[in-house]
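Chemist: Let me give you the structure first, and then I'll get to my questions.
The values are calculated or read from the model by the stated rules, or taken from the named source; none is laboratory data. Predicted model, so just to flag it, every value in this text is computed and none were measured. Note that we place each Cβ from the backbone using ideal geometry, even for glycine, and neighbour counts take in every protein chain shown.
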Amino acid sequence: MSALRILLPLLLLLPVAVACGGGGGEKAAATDKYEVRGEVKDVGGEGDAARATIAHEEIPTFKDRKGREVGMKPMQMAFGIGSGVDRAVLAKGNKVELVVEVDWSREPALMITSAKALPADTALKL
């Protein structure tokens, strides 16, 4: 009888613990998208290793790994190149407008998913 006295309250609390998030699962990582302009400095690699180094303009609404809006100053950095992106647009010296997806759960976290050429005389704030 004493064992039942101890187990019964625990069994009654189990559904409450599960409903309150006691499952222990992790929150899925969000993917953010940014439109950014820049100039192609280098391109290399194939498949999953494909990278483009871009000198890009400021990304004022950029979010860090914790989801905080911290912005990103103009800089030169490497981006992954998504499988559907036309590599011809990413020729060294081209000025481009990119859509970059950021997913901190993958490598590389910053991936170009769309690229379009800009006129050569486009003024960029680098």
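Chemist: Take region 72-96 and flag every residue that is in contact with an Asp or Glu (Cβ under 7 Å, 6 or more places away or on another chain), under 22 Å from residue 32 (Cα atoms) and surrounded by 14 or more Cβ atoms within 10 Å (Cβ to Cβ).
Modeler: Scanning region 72-96 gives 72, 74.
Chemist: Something else: One residue is enough: does region 38-47 have a residue meeting the conditions closer than 13 Å to residue 102 by Cα, in contact with a strand residue (DSSP E or B) (Cβ under 9 Å, 6 or more places away or on another chain) and modelled with pLDDT of 95 or more?
Modeler: No.
Chemist: Output the residues belonging to region 56-71 that are in a strand (DSSP E or B) and crowded, with 16+ Cβ neighbours inside 10 Å.
Modeler: Of region 56-71, the ones in a strand (DSSP E or B) are 56, 59, 63, 69.
Scanning region 56-71 gives 56, 59, 63.
Chemist: Output yes when any residue across region 44-51 is of a type in the set (A, V, I, L, M, F, W, C) and under 23 Å from residue 123 (Cα atoms), and no when none is. Even if it seems obvious, please write down each step before you answer.
Modeler: Initially, region 44-51 is screened for residues of a type in the set (A, V, I, L, M, F, W, C), giving 49-50.
From the residues that got through so far, the ones that are under 23 Å from residue 123 (Cα atoms) too are none.
No, that holds for no residue.
Chemist: Which of (1) closer than 15 Å to residue 31 by Cβ; (2) crowded, with 18+ Cβ neighbours inside 10 Å; (3) among the small types (Gly, Ala, Ser) is the odd one out, the single condition residue 105 does not satisfy?
Modeler: Condition (2) is where residue 105 drops out.
Chemist: Go through (1) more than 16 Å from the chain's Cα centre (by Cα); (2) of a type outside the set (Asp, Glu); (3) in a strand (DSSP E or B) and name the single condition residue 122 misses.
Modeler: So the condition that residue 122 fails would be (3).
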